[in-house]
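Chemist: This structure is in structure tokens; I'll ask about it shortly.
The values are calculated or read from the model by the stated rules, or taken from the named source; none is laboratory data. In this text, all values refer to a predicted model and were calculated from it rather than measured experimentally. Please note: Cβ atoms are built from the backbone with ideal geometry, for glycine as well, and neighbour counts cover all protein chains shown. Side chains included, ligands, DNA and RNA excluded: accessible areas come from the protein's heavy atoms. Shrake-Rupley method; radii C 1.70, N 1.55, O 1.52, S 1.80 Å.
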Amino acid sequence: MADTTFEFKGLAKLTDQLRTLAQRAPGAFRDAWRAEMDIEVVEIKERTPWKTHALQDSIRLEGHGAGIRVVAGGGPVDYAVYVHENLDAFHPHGEAKFIERPLQESAPYLADRVATRMRKDL
């Protein structure tokens, strides 16, 4: 089964800010954005429900530059969407919306965090 990806809509301001940063210094942006997304993946994995850790282990970043995306599932872990979207399920470890919530919480700060990293690198 295909990998599962989640796309956020309505974050036009963040997208515009990130696009501006990427245009100013593409290499520094790429490295800073990747570093920040690596941090986000740690938080996402901490919030991911688990029994065997297979779902947590399936979470990764794909792409490059501003096109980095968080991917969950694939192969034998074909249930990522169900676990992510089922708000009625009880999870002794983790929570539903384990990708969406951390990214939404970080969205107001990501552009500043990326810019701070870029200033350090430039």
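Chemist: Go through 100, 40, 85, 46 and list them by solvent-accessible area, largest first, probe radius 1.4 Å.
Modeler: Output order, biggest surface exposure first: 46, 85, 100, 40.
Chemist: Which log10 I(q)/I(0) values does region 52-122 give at q = 0.21, 0.22, 0.24 Å⁻¹ under the Debye formula, counting every alpha carbon as one identical point scatterer?
Modeler: -1.01, -1.06, -1.16
Chemist: Moving on. What residue among 23, 56, 104 has the largest mean-square fluctuation in a Gaussian network model of the chain, using Cα springs under 10 Å?
Modeler: Of the options given, 23 has the highest mean-square fluctuation.
Chemist: Sticking with the crude label model, points 7 Å out along Cα→Cβ, report the distance from residue 69 to residue 57 in nm, one decimal please.
Modeler: 2.4
Chemist: Heads up, I need the accessible area for residue 16: 1.4 angstrom probe, whole protein in place, Å², nearest 10.
Modeler: Counting only protein heavy atoms, residue 16 exposes about 80 Å² to solvent.
Chemist: Continuing with the same structure: Before anything else, pin down the relative contact order of the chain: Cα pairs under 8 Å, at least 6 apart, normalised by residue count, whole percent.
Modeler: 36
Chemist: Calculate for the chain the 222 nm mean residue ellipticity that helices alone would give, adding -39,500 (n - 2.57) per DSSP H run of length 4 or more and normalising by residue count, nearest 500 deg cm²/dmol. Don't jump to the answer; show the numbers that get you there.
Modeler: Values: 5 runs with 68 residues, N = 122.
So the calculated ellipticity at 222 nm is -18000 deg cm²/dmol.
Chemist: What FRET efficiency comes out for the pair residue 46/residue 116, r = Cβ-Cβ distance, R0 = 30 Å, nearest 0.05?
Modeler: 0.85
Chemist: I would also like to ask the following. Which loop-located chymotrypsin sites (Phe, Trp or Tyr not before Pro) does region 47-119 contain, where loop means any DSSP state but H, G, I, E or B and the Cβ has at most 14 other Cβ atoms within 10 Å?
Modeler: 90
Chemist: Another question, then. Could you work out, for region 27-88, what percent of all Cα-Cα pairs fall into each 10 Å distance bin, beginning at 0 Å and stopping at the bin that holds the largest distance?
Modeler: In order of increasing distance, the bins hold 21, 48, 25, 6, 0 percent.
Chemist: In addition: Could you grab the Rg to Rh ratio for the chain? Cα atoms only, Kirkwood for Rh.
Modeler: My calculation of the ratio gives 1.00.
Chemist: If the elastic network links every pair of Cα atoms under 10 Å, which of 19, 34, 60 fluctuates the most in the Gaussian network model of the chain?
Modeler: Of 19, 34, 60, the most mobile in the Gaussian network model is 19.
Chemist: Reachable lysines from residue 13, Cα under 24 Å, same-chain residues fewer than 8 places away excluded?
Modeler: In chain and number order, the partners are 97, 120.
Chemist: Dipole size in debye (nearest 20) for region 37-122 around its Cα centre, Lys and Arg Cβ +1, Asp and Glu Cβ -1? Kindly include the intermediate steps, with their values, before the conclusion.
Modeler: On the way: 11 positive and 14 negative charges, 57 e Å.
Magnitude of the dipole: close to 280 debye.
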